[in-house]
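To start, the structure under review is shown below, and the notes come after it.
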Amino acid sequence: MLRKLIRLALVAGLTFLIFKFWLLPVRITGLSMEPTYHNGQLILVNHLAYLWRSPARGDVVAVRTSGLRVMYLKRVIGLPGEKLEIKDGVVLIDGQPLTEPYLEVGRKQWQIGETKLNQDEYYVIGDNRQVEATEHLFGRVLVERISGRALW
Amino acid sequence: MVKKYFLKTILVILIGAVIFFGYRYFFPNPEKQIKNRLAELAQAASFSSDPSQKTGQIASGLFADRVANYFALDANLIFYDLEDKNHSLTGREAVRRSAFSLRSQFSSAKFELLDPKVIKLDADTSQISVTLKFTLKDMARAAEVSAQELLVELIKIDDHWLVAKIETVPVIKR
């Protein structure tokens, strides 16, 4: 009986540690990552993903606010030091068009002027480009704000 | 004998815990006072379409007064929109008018101030970083949920913490 209780306590403790410090459960609210992620969907964010490497282009990352209870889920399209522009809805990285296979057909023709990213900045954007740019939160984010990577 | 000492130890620990938590409850430290104050503001600004909640001009006015009383007379609120354009409200009266408008336009509103972090704390001023999560609903549309990081400055007047300044923090910048 005591052994069972100890085992139960260990499993409970381990589960708590895993979901508190490593794999953060996140419920998605909003449409900015459609069609990749849907409103109300539950995913896990790997909070330790960038302990050993930096965010890569194409990663779906969680951007923290004052804490981890509310985070923005966005995709990295621009890396530190790059020049980024959006012309007729197409993302240009240092003048070269970026292939984005995760986007749905029929994106809006966004026009965003050139931005040069600092060495501590990434450019993040949602996958839902079927709304006007004025209705979508995207842009430069400091690396220290990136809290992890979506697990799937 | 061992049982007697064990019970005495448990009793001492229990009494110690009651004194400790009782002291913290009745004499909260300034940081806890500020966090409680912000939680009260969020609750005061929230309302629902519950039939038991009064509606109409008088209710909106009372609601607006209640919310405005959490702000200093010369409070300054600065918001940046999605295009980084700056909008501002100055003064408690402006806050009252906005709260009145909010109550009149929406059938329900829920505000939560999450992850408050005290950046600076003096005897009568403080600065907090906090995330505002809000849900607004009107008759015509489904609920809209949004979140925004805020930098809040408070001042202590007559033993009450009042909001002197709120500024949105652009986490993702164009």
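A few points about this structure:
- Test: residue in the stretch B:12-32 that is in contact (Cβ under 8 Å) with a residue 12 or more places away in the chain, surrounded by fewer than 17 Cβ atoms within 10 Å (Cβ to Cβ) and not in a helix (DSSP H, G or I): no
- The set of residues in the stretch A:124-145 that are within 13 Å of A:Pro35 (Cβ to Cβ), away from chain B (no Cβ under 12 Å) and within 17 Å of the chain's Cα centre (by Cα) comprises A:Asp127, A:Asn128, A:Arg129.
- Residue count for the stretch B:147-174, restricted to those that are surrounded by fewer than 17 Cβ atoms within 10 Å (Cβ to Cβ), more than 8 Å from chain A (Cβ to nearest Cβ) and out of contact with any Ser or Thr (no Cβ under 8 Å at 6 or more places or on another chain): 4
- Screening B:Ala68 against (1) under 15 Å from the mean Cα position of the chain (by Cα); (2) surrounded by fewer than 14 Cβ atoms within 10 Å (Cβ to Cβ) leaves a single unmet condition, (2).
- Any hit, the stretch A:64-87, residues being open to solvent by 60 Å² or more (accessible area, probe 1.4 Å), more than 13 Å from chain B (Cβ to nearest Cβ), out of contact with any strand residue (DSSP E or B) (no Cβ under 6 Å at 6 or more places or on another chain) and among the aliphatic types (A, V, I, L, M): no
- Test: residue in the stretch B:94-117 that is among the acidic types (Asp, Glu), touching a residue at least 12 places away in the same chain (Cβ under 8 Å) and part of a helix (DSSP H, G or I): no
- The residues of the stretch A:131-145 that are surrounded by fewer than 16 Cβ atoms within 10 Å (Cβ to Cβ) and touching a residue at least 40 places away in the same chain (Cβ under 8 Å), listed by number, are A:Val131, A:Val143.
- Of the residues making up the stretch A:48-105, those that are closer than 30 Å to B:Glu112 by Cα and touching a residue at least 40 places away in the same chain (Cβ under 8 Å) number 16.
- Filter result (more than 9 Å from chain A (Cβ to nearest Cβ) and of a type in the set (Gly, Ala, Ser)) within the stretch B:106-146: B:Ser107, B:Ser108, B:Ala109, B:Ala123, B:Ser126, B:Ala140, B:Ala142, B:Ala143
- From B:Ser126, B:Ser88, residue being open to solvent by 50 Å² or more (accessible area, probe 1.4 Å), assigned to a strand (DSSP E or B) and modelled with pLDDT of 90 or more: B:Ser88
- Yes/no for A:Arg57 being within 14 Å of chain B (Cβ to nearest Cβ), surrounded by 10 or more Cβ atoms within 10 Å (Cβ to Cβ), within 16 Å of A:Phe138 (Cα to Cα) and not β-branched (Val, Ile, Thr): no
- With respect to being more than 12 Å from chain B (Cβ to nearest Cβ), open to solvent by less than 40 Å² (accessible area, probe 1.4 Å), in contact (Cβ under 8 Å) with a residue 40 or more places away in the chain and under 19 Å from the mean Cα position of the chain (by Cα), A:Gly148 fits the description.
- Residue match in the stretch A:104-123 (condition: open to solvent by less than 60 Å² (accessible area, probe 1.4 Å) and more than 14 Å from chain B (Cβ to nearest Cβ)): yes
- Residue within the stretch A:60-72 that is closer than 20 Å to B:Thr131 by Cβ and in contact with a Phe, Trp or Tyr (Cβ under 6 Å, 6 or more places away or on another chain) present: yes
- Residue in the stretch A:20-40 that is farthest from A:Leu137 (Cα to Cα), counting only those that are more than 14 Å from chain B (Cβ to nearest Cβ) and surrounded by 13 or more Cβ atoms within 10 Å (Cβ to Cβ): A:Trp22
- Within the stretch B:105-112, at least one residue is of a type outside the set (D, E, K, R) and open to solvent by 50 Å² or more (accessible area, probe 1.4 Å).
The values are calculated or read from the model by the stated rules, or taken from the named source; none is laboratory data. Being a predicted model, the structure only gives us computed values, none of them experimental. Backbone-built Cβ (ideal geometry, glycine too); neighbour counts: all protein chains shown. Protein only, heavy atoms only, side chains kept; ligands, DNA and RNA dropped before computing areas. Shrake-Rupley method; radii C 1.70, N 1.55, O 1.52, S 1.80 Å.
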